[in-house]
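Below: the structure, in structure tokens.
The values are calculated or read from the model by the stated rules, or taken from the named source; none is laboratory data. This is a predicted model, so every value here is computed, not measured. Positions of Cβ are generated from backbone atoms using ideal geometry, with glycine treated the same way; all protein chains shown enter the neighbour counts. Heads up: the accessible areas ignore ligands, DNA and RNA and are worked out on the full protein's heavy atoms, side chains in. Shrake-Rupley method; radii C 1.70, N 1.55, O 1.52, S 1.80 Å.
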Amino acid sequence: MSATFPDQDRPELQRIIDGMIESGFVGVTMLVHDENGRWEGSAGLRTLGGTAKPPAGGHIRIGSNTKTFAATATLQLVAEGAIGLDAAAADYLPAIGLDPRITVRMLLQHTSGVFNFTGEYYEDGTFAPGIIATTAGREWVDNRFRTYPPEELVRLALSKPARFEPGADWSYSNTNYVLIRLLIEKVTGNSLAEETQRLILGPLGLTDTSLPDTDVDLAEPHPNAYYRYEDDAGLQTTDVTRQNPSWISTGGDMISTTRDLHTFVSALTSGKLLPAPLLAEMYKPHAKAGYGLGVFVQETGEHGGTVITHNGGMAGHAALMYSTPDGSRTLTAALNYVDDATLSMAPAFQQATQLLVQEVFGATGHA
């Protein structure tokens, strides 16, 4: 079941998102801008057991796409002279107890080595839990309205052994971006929400994008998010659209839409938000994971194209955000699905994103 709102006919894109529903997603909306114009399509359902399609321009929790906004705000403050990219983060946050070798750049690029407060996966397959996160099953569902101050998340992470010496390796850690939040707030004297509004949301007119802090609600319209767990009564599926996102903080708490994400990523990559030298710094990928500063720099395959991207999943909602390095072509998408502690939708998510990137960027990707 699908509905499209095309400015151009793109049956190949509709087939891919229809296939995402067949693979287990509840609903998908997608927006593509390229040299041929604009295409917007949807597939699946707004709610489990319902009949309505996912709303065009619906609000979702964008998960780790939040990091791209936070990195952009940080680099804008670097451009203003308020933050030094290669300065010690501890110089701005002296009371936190950070290793003095950790720089702002290391936080942005996930090379600090700090423990991931949502839990750390190691190469040998072991898992070290952190806070009560979506890896915890029913315990997370029962605690999803709890408030976690960002300082609490950082204290927990810094009480754990570092994964490696600062700058010695790469490992994705949500803690890095909670530290970025605290750093921005310390330097500016404003909340991250206020600075993001001043630097990004206001100038771009992103009225459907927000930093909810501890607000549990999601503006209408929105597709619903779900979480599945097992207890003594068997397998349970719960609507978790309403939740207190402070548990993930700047690791992934923002709310947006496919349309606002398009406006943001196209403005960022076309140079409207950062001076060229800092955009170039953002695009420098770490060799291990292709991660720059708040973005992945991804090769599209045999044709040698490159995309700038960050995707995110957040307890039954997910967002895709892709752009050519010059902003001339973008793909943004909103997904709702049934999440669980084992991340069972991850393989389908990876397969679908690969198909979409190849279709939209693979044939004529910009180097």
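In the chain, the C-alpha radius of gyration followed by the widest Cα-Cα span (Dmax) gives 19.5, 57 angstrom. Working from Cα pairs under 8 Å separated by at least six residues, relative contact order for the stretch 179-304 is 18 percent. Shape descriptor for the stretch 214-328: Rg over Rh equals 1.07 (Cα atoms; Rh from the Kirkwood inverse mean 1/r).
For residue 329, nonlocal amide neighbours, meaning residues 5 or more places apart or on other chains whose placed amide H falls under 5 Å from its own, are 324. Shown in residue order for the stretch 277-284 are the 3J(HN,Hα) couplings computed by the Karplus curve 6.51 cos²θ - 1.76 cosθ + 1.60 at θ = phi - 60°: x, 6, 5, 4, 5, 4, 7, 7 Hz (x for Gly and Pro). Note on residue 46: accessible area is roughly 60 Å² with a 1.4 Å probe, heavy atoms of protein only.
Rounded to the nearest 500, the 222 nm mean residue ellipticity of the chain from helices alone is -8000 deg cm²/dmol, with -39,500 (n - 2.57) taken per DSSP H run of at least 4 residues. Computed from point charges on the beta carbon alone (+1 for Lys and Arg, -1 for Asp and Glu), the dipole magnitude for the chain about its Cα centre is near 340 Debye. Considering Cα pairs under 8 angstrom that are at least six residues apart, work out the relative contact order of the stretch 226-367 and quote it in whole percent. Worked out over the stretch 226-367, it gives 25 percent. Phi angles across the stretch 45-50 convert, under the Karplus curve 6.51 cos²θ - 1.76 cosθ + 1.60 with θ = phi - 60°, into 3J(HN,Hα) values of 10, 6, 9, 4, x, x Hz, Gly and Pro given as x.
Per residue, the solvent-accessible area of the chain (1.4 Å probe, heavy atoms of protein chains only, all protein chains present) comes to 38 Å². Listed by chain and number, the lysines whose alpha-carbon sits under 21 Å from that of residue 288, ignoring those within fewer than 8 places in the same chain, are 67. Amide H to amide H distances under 5 Å link residue 240 with 225, 226, 227, where only residues 5 or more positions off or on other chains count and H is placed in the peptide plane.
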